[in-house]
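Below is one structure, written out as structure tokens; the observations come after it.
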Amino acid sequence: MAVGIDGTTGSLVVNGQKLFPLGLSEPPPLGSGAPGGNDAWAEIASAGANFIRTGRSDWSLQQVDQQLGQERIRMDHAGAHHLLCWPRLTEAAANLPTTPNSPAEQLLVRIVNGLKDHPALGAWKGVDEPANPNRPAPVPAAGLARAYNRLKQLDANHPVVITQAPLGTVNDLVRYRPAFDITGADIYPIGYPPGEHSDLTNKDISVVGDVTKKMIQAAGTKPVWMTLQIAWSGMLPRQQHPDLVPRFPTLHQERFMAYQAIINGARGLVFFGGDLTAVMRPRDAQLGWNWTFWELALRPLFIELGSPSVRPALVAPAVASVKASAADVELTARDDGSFLYVIAVRRSGTITSRVTFTRLPRRRNGTQLAGGEVVFEYAQAPLPPPTDPTKQVFRRIAVANDSFSDWFGPHDTHVYRFGLN
């Protein structure tokens, strides 16, 4: 299966179709069950997940045949549920020596040749956070580029993704451009105290947008995927922080962070930490995954992002003309050929006000837009009997003089859709 990148939007292209990755890192354990009794991977796929991180951190040349066999079993199960795999290469794709046929190169060759033709392979995950200043030493960009070049010689049909820490400057990250096809960063701003995961001064959850913008600069013309929070190591109980209090995003916060990342350029999202059993309810820990968080926050978000009402916007080209009247409202406008989408969030966590959006493009026939919908928001007049509850429609929004207005509260998110034909 060939997986590429759309040159116009940066979207992933799988078998000729543009795809917005909605990934889990880690997914539920292979073969485990969801609380309702369904297969865990069937459950996450039914809500819209399409990528899972697989692979391992302990690849070994001595054990690689056995390890590849185990990985293929995981990939077989993923493919059966229409999930694409993102195998970790970890140190096998790190600082590749200049000496030909080194043990490190042999291991990389064995892994790539062993998995590259599997139909569930979506992309390769290179070394995690190679520029992280908290590593014993940053991974040299030149060695990482050598590993990338060798991998691409072996497999030109799948992109390499490198995720950075939310630390350092753009200049610290630019040198890694030759080592990836797609980059991004993980950013987990919710905790006590807030904002400890990033070195930026913004400690609000809107730091997600700031880190995304930084990664867009660091990537140049290459796409960016962002990794967002379920849980992370900074909220795990440990000896040096006995008073640590775990804190999870709410649906409102997770939705804001996801859409803010998209607005600022992310062409894929991965959600990290569902497997950290130390901060789970006992039932979830027994099942090996945070199903409570899934039900409260992640499942509704995945259903929305993967829906026919939103999914086309996530892979569509941007439209530059639309403007917002409030400085703290960020937006992206997208045209998928049939609809104009305006996705907007309010950065402020305290302000509530009406916001006006202007300079909407015209319909294909040159006439003004008359109105649209606010997707996944419901407000309609009661239907006359016999009432059909399946005929609910999204909240309507009126347009006049190529503009419209709507309320935005703290960290609010709205997704608007206007027919263009």
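The values are calculated or read from the model by the stated rules, or taken from the named source; none is laboratory data. This one's a predicted model, so the numbers in the text were calculated from it and none came from an experiment. So basically every Cβ, Gly included, is an ideal-geometry build from the backbone, and we count neighbours across all protein chains shown. With ligands, DNA and RNA removed, areas are computed over all heavy atoms of the protein, side chains included. Shrake-Rupley method; radii C 1.70, N 1.55, O 1.52, S 1.80 Å.
Summary table
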item: Qualifying residue in region 363-372 (condition: open to solvent by less than 10 Å² (accessible area, probe 1.4 Å), farther than 17 Å from ASP412 by Cα and under 23 Å from the mean Cα position of the chain (by Cα)); result: no
item: Some residue of region 294-304 being within 23 Å of GLU254 (Cα to Cα), over 18 Å from the mean Cα position of the chain (by Cα) and not in a helix (DSSP H, G or I); result: no
item: Checking VAL161 against (1) in a loop (DSSP other than H, G, I, E, B); (2) touching a Ser or Thr at 6+ places or on another chain (Cβ under 9 Å), the condition it does not meet; result: (1)
item: Of all residues in region 245-282 being open to solvent by 30 Å² or more (accessible area, probe 1.4 Å) and aliphatic (A, V, I, L, M), the one that is modelled with the lowest pLDDT; result: VAL245
item: Per-region count, region 203-243, residues at pLDDT 95 or above, among the aliphatic types (A, V, I, L, M) and outside any loop (DSSP other than H, G, I, E, B); result: 10
item: Looking only at region 331-357, and only at residues there that are over 24 Å from LEU12 (Cα atoms) and not in a loop (DSSP other than H, G, I, E, B), the one that is most open to solvent (accessible area, probe 1.4 Å); result: ARG354
item: Complete set of residues in region 341-362 that are closer than 29 Å to VAL207 by Cβ, over 21 Å from the mean Cα position of the chain (by Cα) and of a type outside the set (Ser, Thr, Tyr); result: GLY349, ILE351, ARG354, VAL355, PHE357, ARG359
item: Residue in region 331-350 that is nearest to ASP412 (Cα to Cα), counting only those that are in contact with a Pro (Cβ under 9 Å, 6 or more places away or on another chain) and of a type in the set (D, E, K, R); result: ARG346
item: Residue that is nearest to TYR259 (Cα to Cα) [pool: residues in region 288-323 that are in contact with a Pro (Cβ under 7 Å, 6 or more places away or on another chain) and not small (Gly, Ala, Ser)]; result: VAL319
item: Check on LEU360, among the aliphatic types (A, V, I, L, M), open to solvent by less than 40 Å² (accessible area, probe 1.4 Å) and either in contact with a Lys or Arg (Cβ under 7 Å, 6 or more places away or on another chain) or assigned to a helix (DSSP H, G or I) (or both); result: no
item: Members of region 111-126 found to be outside any loop (DSSP other than H, G, I, E, B) and surrounded by fewer than 18 Cβ atoms within 10 Å (Cβ to Cβ), listed by number; result: ASN113, GLY114
item: Scope region 36-49; condition out of contact with any Gly (no Cβ under 8 Å at 6 or more places or on another chain), open to solvent by 10 Å² or more (accessible area, probe 1.4 Å) and at pLDDT 95 or above; matching residues; result: ALA42, ALA45, SER46
item: Near pairs, Cβ below 9 angstrom, 6+ apart or cross-chain, from region 34-62 (under 16 Å from LEU24 (Cβ atoms) and of a type in the set (Ser, Thr, Tyr)) to any residue that is open to solvent by 50 Å² or more (accessible area, probe 1.4 Å) and modelled with pLDDT under 95; result: SER46/ASN38
item: Qualifying residue in region 86-96 (condition: at positive phi, over 22 Å from the mean Cα position of the chain (by Cα) and surrounded by fewer than 18 Cβ atoms within 10 Å (Cβ to Cβ)); result: no
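Results for (1) under 18 Å from ARG53 (Cα atoms); (2) at pLDDT 95 or above; (3) buried (at least 22 other Cβ atoms within 10 Å of the Cβ), shown as yes or no for each residue.
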| site | (1), (2), (3) |
| --- | --- |
| GLY143 | no, yes, no |
| GLN153 | no, yes, no |
| HIS158 | yes, yes, yes |
| VAL161 | yes, yes, yes |
| PHE180 | yes, yes, yes |
| TYR192 | no, no, no |
